[in-house]
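Asks: For reference, the structure I am asking about is given below.
The values are calculated or read from the model by the stated rules, or taken from the named source; none is laboratory data. Every value quoted in this text rests on a predicted model; they were computed, and no experiment measured them. Note that each Cβ is placed from the backbone with ideal geometry, even for glycine, and that neighbours are counted across all protein chains shown.
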Amino acid sequence: MYQNSNEGKPYLWKKTAELYAYHGAHYTPAEFKKAYLRLCASHTEALREKNGAQYPEIQLEYVFEDLFKEKGVTVSMDIIRTIGQAFRTISTKFLCLYDGVTDHKFDGIVFSSDEGLCKPEEKFFRTVVERYGLNINECIMIGNDAGTDIKGANLIGMDSLYIHSDISPKITDLTGADIPATYKIMDGDFTKIKQLVL
């Protein structure tokens, strides 16, 4: 599964500020964006200190709640969750499963924000392995980001497959020579996965 979001859209900040105003917390779009980014940084640093993670992942609901508190407004967690869902919906360019993958093939999904950790944090990868009783020698991390997906797999000794796609971070060597993955597909052809790993 992959997602691509865009928090740079002015429309996102305008609409979210309007949702806050509807509930009595008045922000301009620019003021809302600045407060949101400041609170995200603050929550990230607090979580980093609390759990010792190099790559903490915060629960955005707490940021959305603090944005109300800063304006002296108290709302229910249901409203905060609804605003969070709207924010994610507006900011998401797309969210989809890779070709040939269906949602019924998953034993479960682990959300980084629920764990307070994100890739490439070693503990995040270990959490997945332990939660589902996996044998690390029978696992493979398939990802399109060498700095998070492949690095995290390498940290716990898991095989990895890097697949370069149109949403992968830019790389300097298009041959993939500098990507430390067990397997590599540099042309984005997902159909090659099966022949490489099975």
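Asks: Within the set of pairs 6+ apart or on separate chains, which have a first residue in region 169-198 that is in the same structural domain as Ala146 (by TED's automatic domain parsing), a second that is in a loop (DSSP other than H, G, I, E, B) and of a type outside the set (A, V, I, L, M), and C-beta atoms under 6 Å apart?
Replies: Here the result reads Pro169/Asp145; Lys184/Gly176; Met186/His164; Met186/Gly176; Gly188/His164; Gly188/Ser165; Phe190/Tyr98; Phe190/Asp99, each pair linking region 169-198 to a residue that is in a loop (DSSP other than H, G, I, E, B) and of a type outside the set (A, V, I, L, M).
Asks: Scan (1) touching a Leu at 6+ places or on another chain (Cβ under 8 Å); (2) modelled with pLDDT of 90 or more; (3) hydrophobic (A, V, I, L, M, F, W, C); (4) not assigned by TED's automatic domain parsing to the domain that holds Phe190 for the single condition Ala86 breaks and write down its number.
Replies: All conditions are met except number (2).
Asks: From the list Ala181, Ala146, pick out the single residue that is in contact with a helix residue (DSSP H, G or I) (Cβ under 7 Å, 6 or more places away or on another chain) and buried (at least 17 other Cβ atoms within 10 Å of the Cβ).
Replies: Ala181 is the lone residue from the list that is in contact with a helix residue (DSSP H, G or I) (Cβ under 7 Å, 6 or more places away or on another chain) and buried (at least 17 other Cβ atoms within 10 Å of the Cβ).
Asks: Got a number for residues in region 49-76 being more than 15 Å from the chain's Cα centre (by Cα), within 15 Å of Leu19 (Cβ to Cβ) and not acidic (Asp, Glu)?
Replies: The total comes to 8.
Asks: Tell me which residues, restricted to region 36-88, are in contact (Cβ under 8 Å) with a residue 60 or more places away in the chain and among the aliphatic types (A, V, I, L, M).
Replies: Residues satisfying the conditions are Leu47, Ala53, Ile83, Ala86.
Asks: Mind telling me which of the residues Ala35, Ala30 ends up being surrounded by fewer than 13 Cβ atoms within 10 Å (Cβ to Cβ), hydrophobic (A, V, I, L, M, F, W, C) and not assigned by TED's automatic domain parsing to the domain that holds Gly116?
Replies: Ala30
Asks: Search region 9-29 for residues that are in contact (Cβ under 8 Å) with a residue 40 or more places away in the chain and over 10 Å from Leu67 (Cβ atoms) and pair each with any residue that is β-branched (Val, Ile, Thr) and assigned to a loop (DSSP other than H, G, I, E, B) when their beta-carbon atoms are under 9 Å apart and the residues are at least 6 apart or on different chains.
Replies: His23/Val73; His23/Val75; Gly24/Val73; Gly24/Val75
Asks: While we're here: Taking strands (runs of 3 or more DSSP E) that do not extend beyond region 107-198, which have at least 3 residues that are under 22 Å from the mean Cα position of the chain (by Cα)?
Replies: The strands (runs of 3 or more DSSP E) meeting that bar are 140-143, 159-163.
Asks: Within region 156-178, work out how many residues are loosely packed, with under 12 Cβ neighbours inside 10 Å and among the hydroxyl-bearing types (Ser, Thr, Tyr).
Replies: 2
Asks: Here is a follow-up. Exactly one condition in (1) modelled with pLDDT of 90 or more; (2) under 18 Å from Gly108 (Cα atoms) is not met by Cys118; state its number.
Replies: Only one criterion in (1) modelled with pLDDT of 90 or more; (2) under 18 Å from Gly108 (Cα atoms) is unmet by Cys118, namely (1).
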